[in-house]
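A.B. asks: A single structure is presented below for examination.
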Amino acid sequence: MKDEIKIIGLKGIPLIEPGDCLDDIILTALKENNVTLNDGDIILIAQSIVSKSLGLIKDLKDVKPSQKAVDLYNEMLPFMIKHEIPVKNPELIQVILDESKSIIKARQTLIVETKQGFICANAGVDKSNVRGDSKVTLLPEDSDKEAEKIRTNLEKKAQKNVAVIITDSFGRAFRVGAVGVAVGLSGISALLDKRGSVDLYGKELKSTIVAQVDNLASTAQLLMGESNEGIPVVLIRGYKFERKEHESIQKINREKDVDLFRTSTQQLNTIDILKSRRSYKSKFQDKDVDMKHILESIEIARWAPSAHNNQPWRYVIFKRGKFREDLIDQMNQKLREDLTEEGVSDELICNKIQKTRVNFIEAPYLILLCIDNSENLKYDHNEFLMKMQSASASATYLLLAFHTKGLSACWYCAPLFTQEIIRKYLSLPKTFIPIAFFTVGYPTRKQKVPLRKKLNEVLYEVEKN
Ligand SMILES: Cc1cc2nc3c(=O)[nH]c(=O)nc-3n(C[C@H](O)[C@H](O)[C@H](O)COP(=O)(O)O)c2cc1C
């Protein structure tokens, strides 16, 4: 006998409505496609039609988002914009929360553990393949039960032994693109345990377990497609498997205490955060920034290293308004004088001043960083430099803290040139040296990634073997 597996997509399955009997619809489609059910056939059914037959459709217009959903929306919005991901509104987020046991990660998408124990994006809540823009389908509460119902009915009506797998498509960590996965099954075991068998060279396999139902689901996905292919049921013939009466898809969900990835994604995120922070120099959203985020970020900036641990950084927070505007105008007056003295043209001066006005006045928050030089009154230059270095370390922490909150910011050196004006305007102690401004707000667009020098350009090897 040939080693051959056949995949047959059943054409002509009608649009499914709540209450439809899927086993009858599948048997009719088999007949119309001239396929007779055999013992050992596997029927793979897209979750969307199972959910629709069960009436698991929610209209987002009927959903009232909780404060948690609104907070998550606000937290995720800048990342959704930054990564150009379709924006999920608070209503959709609420439905996802209702379908979830816990949130694993909330950035541009929402990765959750569903009520059924699957880790996936958006709890399987799906806007596609359902009529109406505001409608979504939900995962069946117990897809094994639904698979079992369909399998026993098919077996009774066709007098054949078959297996049924309900499939969905999930994205994966570390790899781009969705693949078919099983979310419910009946008549087949989820895993194929190869441990104890031998490889080509007679070596015993010690740890190989194959997720056979996911492999089958992915195979079926090749015909089901994701868009308008309209083939929600696929038959796989010729795959040899052991029949299993009572099985659960839960076998495929890794137990938390042996799951290495829930913790190590945190490590990956640190690198991701370090590399994806950008200086934001475009227009901010009109949306206000909660002061809590500013304070929490400055709290993080306190943890930077500092020479002698003397933590010389001092921060001043400016809200939007006339007080800030008047200071910027005074600083710009000085800028105009300096540039005129340097012989810069009037037009260029006006452009520059206009740009600074927009940046410094329109940002939801403007933060000033000063060095407190009070322990260095005799002025030791190296001590001063160490303070500058320490304050810069704190500023870097600050920028990263903003970034982790979905806020965008930019470091500006303008205060260095107007120290006396700022000190006087704010009645700061004489020992305070203003060194930087940070504009902070929610972004309206993605920033270009500026070129970075290559590693060998910044690395000078002293020892060469
Ligand atoms: C000490 C310092 C001063 C800066 N001053 C300015 C500034 O006055 N104006 C400005 O547009 N950007 C300023 N920047 C931002 C840099 O232009 C930005 O960090 C650089 O182009 C790299 O881009 P990235 O931060 O997105 O990686 C400053 C950055 C630092 C660290």
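A.B. asks: Counting only residues that are assigned to a helix (DSSP H, G or I) and within 14 Å of residue 310 (Cα to Cα), which one in the range 364-381 is least open to solvent (accessible area, probe 1.4 Å)? Write out each step before concluding.
C.D. replies: First, the residues of the range 364-381 that are assigned to a helix (DSSP H, G or I): 374-376, 381.
This time we only want the ones that are within 14 Å of residue 310 (Cα to Cα), so: 374-376.
Values: 374: 48, 375: 132, 376: 12 Å².
Restricting to residues being assigned to a helix (DSSP H, G or I) and within 14 Å of residue 310 (Cα to Cα), the top hit is 376.
A.B. asks: Only one of 199, 168 is under 28 Å from residue 148 (Cβ atoms), acidic (Asp, Glu) and open to solvent by 10 Å² or more (accessible area, probe 1.4 Å). Can you tell me which?
C.D. replies: 168
A.B. asks: In the range 389-414, what count of residues is obtained for those that are touching a helix residue (DSSP H, G or I) at 6+ places or on another chain (Cβ under 6 Å) and either more than 30 Å from residue 74 (Cβ to Cβ) or without any contact (Cβ under 8 Å) to a residue 12 or more places away in the chain (or both)?
C.D. replies: 1
A.B. asks: Tell me, please, whether a residue that is surrounded by 22 or more Cβ atoms within 10 Å (Cβ to Cβ), outside any helix (DSSP H, G or I) and among the hydroxyl-bearing types (Ser, Thr, Tyr) can be found in the range 224-234.
C.D. replies: no
A.B. asks: Just need a number here: residues in the range 207-233 that are touching a Leu at 6+ places or on another chain (Cβ under 7 Å) and either of a type in the set (Val, Ile, Thr) or modelled with pLDDT of 95 or more (or both).
C.D. replies: Here the count works out to 9.
A.B. asks: Can you tell me which condition residue 46 does not meet? The list is (1) under 23 Å from residue 13 (Cβ atoms); (2) free of Cβ contacts under 8 Å to residues at least 60 places away in the same chain, and all the others hold.
C.D. replies: (2)
A.B. asks: A further question follows. Is it true that residue 435 is away from the ligand (no atom under 11 Å from the Cβ), closer than 22 Å to residue 313 by Cα and modelled with pLDDT of 95 or more?
C.D. replies: no
A.B. asks: Could you please give the count of residues in the range 407-465 that are of a type in the set (D, E, K, R) and either buried (at least 16 other Cβ atoms within 10 Å of the Cβ) or within 23 Å of residue 296 (Cβ to Cβ) (or both)?
C.D. replies: The number of residues fulfilling the criteria is 1.
A.B. asks: I need the full set of residues from the range 23-48 which are open to solvent by less than 10 Å² (accessible area, probe 1.4 Å) and under 21 Å from residue 125 (Cβ atoms), in order please.
C.D. replies: 45, 47
The values are calculated or read from the model by the stated rules, or taken from the named source; none is laboratory data. As the structure is a prediction and not an experimental result, all values here were calculated from the model. Glycine gets a Cβ as well: all are built from the backbone with ideal geometry, and neighbour counts include every protein chain shown. Protein only, heavy atoms only, side chains kept; ligands, DNA and RNA dropped before computing areas. Shrake-Rupley method; radii C 1.70, N 1.55, O 1.52, S 1.80 Å.
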